[in-house]
1. Sorting VAL197, VAL347, VAL448 on the 10 Å Cβ count, fewest up front, what's the list?
2. For GLU625, GLU45, which order do you get if you count the other beta carbons within 10 Å of each Cβ and list the fewest first?
3. List the chymotrypsin sites (Phe, Trp or Tyr not before Pro) in the stretch 227-323 that DSSP assigns to loop (not H, G, I, E or B) and whose Cβ has at most 10 other Cβ atoms within 10 Å. Which are they?
4. When all C-alpha to C-alpha distances in the stretch 21-211 are sorted into bins of 5 Å, what percent of pairs does each bin hold, rounded to whole numbers?
Amino acid sequence: MDTWAVTLNDDRVNRVKLLSEQVANQIAAGEVVERPASVVKELVENALDAAARKILVEVKAGGRSLIRVTDDGHGMSRDDALMCLERHATSKISRAEDLATIATMGFRGEAVPSIASVSRFTLTSRLAEAEGGTEIAVNGGKMLAVKETGAAVGTAVEVRSLFYNLPARRKFLRTEETERAHVQRTLTLMALAHPEVAFTLRHNDREVWRLLSESGTGAAALERRLRALWGEGLRLIEIDCAGELARRPFDEDDAPPKACRVWGFIGAPGVSRSNREHQHVFVNQRPIDNVGLGMALREGYHTALMKGKYPACCLFLEIEPAEVDVNIHPAKREVKFHREREVRRFVAEAVSEGLASFHSQELGDRSQEIESAVAGNFGLEATDVSTETVVEQKPLDMGFATPPSPVHKEDAAPLVPQPPSPHQPSTINQQPQPAQPLLKVPLKILGVVGKLYVVLESDRGLVLMDQHAAHERVLYEQLLEQMQREETASQKLLLPETVELAATDAQFVAEQVETLSRLGVGISAFGERTFLLDALPPFVKVKDTKNFVLTLIDELKAAGAGVNSMRLGEAMVIMTVCRQAIKANDALAGPELEKLLEDLRHCTMPYTCPHGRPTLIEMSYPELEKKFGRTV
């Protein structure tokens, strides 16, 4: 027996082996370097950490054949250049405690050796005070040469033949155009996070774009960088919300408050995309992907966003480094918050307040506006009311100029100055005027088309209002206001029903009895896991009351406790107001249309119905001139 045991143990000897450094680097490269865009990301992050002010990225064949990143940062000495090729060698941190206060983009010390192990790698760097630079050539993780060379101050990293020694990984690369698009998106995120840095991207020796360094800080610099990347047609709302994260029940009394700030730009109501391509979120200037923040964005937009659409935004979350863990994935795109629920609630409220300010103004001024404002300069060119600019926030200086007076062919002969048209003010020596939301300008009802679309005229052009969608919004906000004032009526059930739940759901419902009561749902404990349901809101018409309660529980869990519990059961509210709202073929008299328009003016979010569809669509005079071919 003993002999057999010894033999068995002998067979197990040498089954566990220490991998070579080259193989270990290639394994690490599989986590850090997924595609050429990953190489660009890591090298640009190192350049930013080196205080670079100009970064040049050159790519060929989508990054397959060449990736070159050149910066004007502080550079490296010969010893530092050699050391950076060793695994876990970094200048960013020196002890474990530093992980709680990471303020740099990189800190692992894995990227450079990982990239060098799967490519033909050349690093050239020079310090400002040094007479010459250092050039290091590495081929598949094996150092080939180290020599002195002439170089500009900063660092240049050249990566050729990516994954040439890993055919299995190289064959998974996509087409050249796909890889180039990923590189451009990665660099776009870096450029948005650092407007003060100049970025240049070249692909196949052709300059894709050149971004100059933006002076100033904050929203002004970000606005100019967004305009350079996204174009002039930006219809965004600026938000800036600073405060403290809500305290948790189990926080110690002497625990200091956690400061937090959310700032940036979000799309105006109705501005959305079919994917997340224009949804950029940064945490302490680091671009991240976080499911909770994505849900917070949708929670903040709520009914201003159609189902299946995603908001366009560029938001920056500033939070104490100790409150966020960026060390959970080698690519550093995923983060984990210490106070996930509180951060999500803070972001959702900031977005919601920004959208609400889109139409905020003293109600007392409305009657005076409607009576006295007949003509004026409104200076907005828009195709959809959902793309208007916020009033209370600082107007975006996107370079929009008041369009010149339209010149028609029949009027082109005289060379003498002509007076401006009645709907288009003169632009001579005139500064662009801040845009006003549509419902802040006088609207004249002209008639109804198709017994549904109300035709209105403003001093800016033509406006169409969907009477059904507008009435839906009015009824929806009136009902929600009753719920928030805890005036939601409850209708007693003829026969109360018992609902038995799972243990986890029972505990959850016991904590939310008060919330459900504000919604008009009368529910009380009737045992350890049994509850008695004896009342429902009058607008709820369901046959299976137990299933209705279970659906409410699921909605509450999905929304997150405390985010906005009053939105529970809103699907039922929306269905109710949709049935009660004015229908397409309901003919309304003039006073009824005026009342509907005035009620819409008083809504918090008047430009979309509860389903996210627009209630008003505007066509400006320049657009009408263009459609009729009256513009030269």
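1. Going from sparsest to densest Cβ surroundings: VAL448, VAL197, VAL347.
2. Values: GLU625 21, GLU45 18.
The fewest-first ordering by Cβ neighbours comes to GLU45, GLU625.
3. Hits after loop and neighbour filter: PHE250.
4. The calculated distribution, bin by bin, is 1, 8, 17, 21, 21, 18, 10, 3, 0, 0.
Each reported figure results from applying straightforward, stated rules to the coordinates on display, with no laboratory input. Keep in mind the model is a prediction, meaning the values are calculated, not measured. No Cβ is skipped: glycine too gets one built from the backbone with ideal geometry, and neighbour counts run over all protein chains shown.
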